[in-house]
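**Q** Okay, handing you the structure first.
What follows is calculated from the coordinates using simple rules that are stated; it is not laboratory data. If you're wondering where the values come from, they're calculated on a predicted model, not measured in any experiment.
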Amino acid sequence: MNMLNHELNSLQLFNGLEYEDASRICSALQTSEFAANKAILNEGECIQALWIILSGECMVSRSAESGPEQPLALLKAGDVFGEMSFVRTAPHSASIRAVTDVTACCYRREDFLKLSQQYPDIALRITANIADVLAERLRRMDTWVCEIMTRPEGSEHRSEWESFRSAVYTNWSF
């Protein structure tokens, strides 16, 4: 437990939490091991949990409208996944598969809600840190899209970019 508390305090997701706060969270974490090539989460399922990779690597991939599943990211120790379904009841937008043997902790939404009833300050800190993780991913996506659009072949995809931008930045409905 003490080692896990130390590990949690070093993660962006738990930034700003006191040791005692990390201990409260650790008591609810469930550690799991996954063999290489094992699916951890499947696109379309709805499991409200936040996963923290303690060791190993995972591939994030998503189904394409036509063709095979597309890899999106390689996650390593310290990275998190499942945060979108953790904060919003919605199916997973991507699949997560272990690339190597993986050890990960799972923090269930129901445990977070219990924590938030007793310790709203801790829940607020975790929620703010999740927002930071999501904002950083969006910032990277914006940078990447802008880089693609400035390439000579980018002008061929201008209408696709306009559709994407419109979908991301306007007409938000929950």
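**Q** Build a GNM of the chain with springs between Cα atoms under 10 Å: which of A49, A73, A123 gets the top mean-square fluctuation?
**A** A73
**Q** In addition: Compute the whole-percent fraction of alpha carbon pairs in the chain spaced more than 25 Å apart.
**A** Values: 5949 of 15051 pairs.
So the portion of pairs separated by more than 25 Å is 40 percent.
**Q** While we're here: Based on DSSP H assignment, which helices of the chain show an axial Cα extent of at least 27 Å together with a mean Kyte-Doolittle hydropathy greater than or equal to -0.5? Don't jump to the answer; show the numbers that get you there.
**A** Values: long enough: 120-150 (45 Å, 0.25).
Taking the DSSP H segments of the chain (at least 27 Å long, mean hydropathy at least -0.5), we get 120-150.
**Q** Also: Pull up all non-local amide H partners of D79: gap of 5 or more, or a different chain, and H-to-H distance under 5 Å with H placed in the peptide plane.
**A** I53
**Q** Just from its helices, what would the mean residue ellipticity at 222 nm be for the chain, if runs of 4 or more DSSP H residues each count -39500 (n - 2.57) and the sum is divided by every residue, rounded to the nearest 500 deg cm²/dmol? If you can, show how the numbers build up before the last one.
**A** Values: 6 runs with 74 residues, N = 174.
It lands at -13500 deg cm²/dmol.
**Q** Before anything else, pin down the relative contact order of the chain: Cα pairs under 8 Å, at least 6 apart, normalised by residue count, whole percent. Write out the running numbers ahead of the final one.
**A** Values: 265 pairs, mean separation 43.4, N = 174.
Contact order relative to length: 25 percent.
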